[in-house]
Amino acid sequence: MSISKQVKRITTHTLQAMKEKGEKISMLTAYDYSLASIVDDGGIDVILVGDSASNVMAGHETTLPITLDQMIYHAQGVVRGVKKALVVVDLPFGSYQGNSRLALESAIRIMKESGAHAVKLEGGAEIKESIIRILTAGIPVMGHLGLTPQSIYKFGTYNVRAKEEAEAQQLLDDAQMLQEIGCFALVLEKIPATLATKVAQQVTIPVIGIGAGGGVDGQVLVLHDLLGITQEFKPRFLRRYANLYDEIRNAVNKYVEDVKHKDFPNETEQY
Ligand code: KIV
């Protein structure tokens with residue numbers, strides 16, 4: 001009889017305990033089985049099936065076009081590849097705004113059809129009813145404030161948000177409200193580091209930043225940016241840990257050469 005190694009899964013409670021101990025939380029996106037397995041094996045705490053799949057997987061300019069069915073497809077592969085990390089899935093644009101019943105239906109579809117562990121929604125006061133309704137079904141919700149890419153056409157640019165006092169105060173109020181209604185964590189995207197630190201000190205739930213400085217409880221990046229697969233995207237907050245664009249391109253180049261020069265396959269590579 002084989003003894004399978006038991007892996008202790010990360011839950012929303014694990015993340016809360018990490019915040020309380022001052023242990024930083026690591027989070028990355030993934031959109032498919034193969035890369036999710038590697039990211040999980042690399043020791044990540046949280047995998048986000050982000051609607052950034054719309055950009056990096058489908059090549060769209062914004063996150064708006066991706067559909068609920070497409071998000072579920074990505075999430076299914078990720079869940080199959082993950083043994084330890086908490087898997088959070090973005091509710092896509094049009095699947096929750098302005099209609100709490102639709103929001104609940106969308107969140108239930110994600111949980112039921114993908115096996116993911118939580119959902120993420122962008123926004124504050126304007127989507128409060130949707131979040132409350134999802135929470136009543138026992139589905140953990142992660143909030144997302146600051147630069148919320150689904151609202152790009154309202155903002156007009158991807159510049160830093162909440163630099164002005166009024167927007168900063170609204171963000172602090174929204175963060176407090178998200179905690180009070182029961183969100184288990186919060187993403188803050190592209191806001192001044194001092195404001196993000198203030199939010200992380202004000203709320204007791206974990207605050208995970210992207211372009212929000214080091215004073216928060218954890219960090220998230222888009223996997224394809226960190227791996228250097230995307231090339232054009234060069235915001236100040238991005239640290240590249242590999243240059244896979246060149247690695248993959250060179251491997252493909254070498255393969256093409258070997259095929260053309262009849263170097264592949266050789267005698268040991270055939271039957
Ligand atoms: O969709 C996404 O990748 C995200 C992260 C940038 C937080 O929401």
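Some notes on this structure:
- Arranged from fewest to most other beta-carbon atoms within 10 Å of their beta carbon, L48, L64, L121 become L64, L121, L48.
- Take the Cα of S34, step 7 Å toward its Cβ, do the same at T136, and the gap between the two points is 4.4 nm.
- Note that the range 213-221 has calculated 3J(HN,Hα) couplings of x, x, x, 9, 8, x, 10, 10, 9 Hz, one per residue in order, obtained from phi through the Karplus relation 6.51 cos²θ - 1.76 cosθ + 1.60 (θ = phi - 60°); glycine and proline are x.
- Tensor-based shape of the range 12-240 (alpha-carbon gyration tensor, a/c under 1.5 rounded, otherwise prolate or oblate): rounded
- Residue-averaged 222 nm ellipticity for the chain, from DSSP H runs of 4+ at -39500 (n - 2.57), nearest 500: -12500 deg cm²/dmol
- Within the straight-line cut-off of under 27 Å between alpha carbons, the lysines reachable from K83 are K5, K8, K19, K21, K24, K112, K120, sequence neighbours fewer than 8 places apart in one chain being disregarded.
- Judged by the gyration tensor of its Cα atoms, with axes a ≥ b ≥ c, the range 1-128 is prolate; a/c meets the 1.5 cut and a/b is the larger of a/b and b/c.
- Cβ-Cβ FRET estimate between N99 and T14, R0 fixed at 35 Å, reported to 0.05: 0.60
- Hits among aspartates and glutamates - C-alpha to C-alpha of K234 under 12 Å, sequence gap 8 or more where chains match: D225
- Most mobile listed residue (L104, L223, L244) in the chain, GNM with C-alpha springs under 10 Å: L244
- Relative contact order for the chain: 15 percent, from Cα pairs under 8 Å spaced at least 6 residues apart, divided by residue count.
- Under-5 Å amide H pairs with I25, H placed in peptide plane, nonlocal only: G218, Q219
- Net +/- balance of residues flanking G50 in space, Cβ distance below 15 Å, scoring K and R +1, D and E -1: -4
- Distance between the C-alpha centres of the range 100-162 and the range 214-259: 28 Å, rounded to the whole angstrom.
- Going from the fewest other Cβ atoms within 10 Å to the most, the residues S151, S114 appear in the order S151, S114.
- Length added when fully stretched, M177-I248, from 0.36 nm per residue minus Cα-Cα: 21.1 nm
Coordinate-derived values only; no laboratory data. This one's a predicted model, so the numbers in the text were calculated from it and none came from an experiment. Neighbour counts are summed over all protein chains in view; Cβ atoms, including those assigned to glycine, are modelled from backbone coordinates with ideal geometry.
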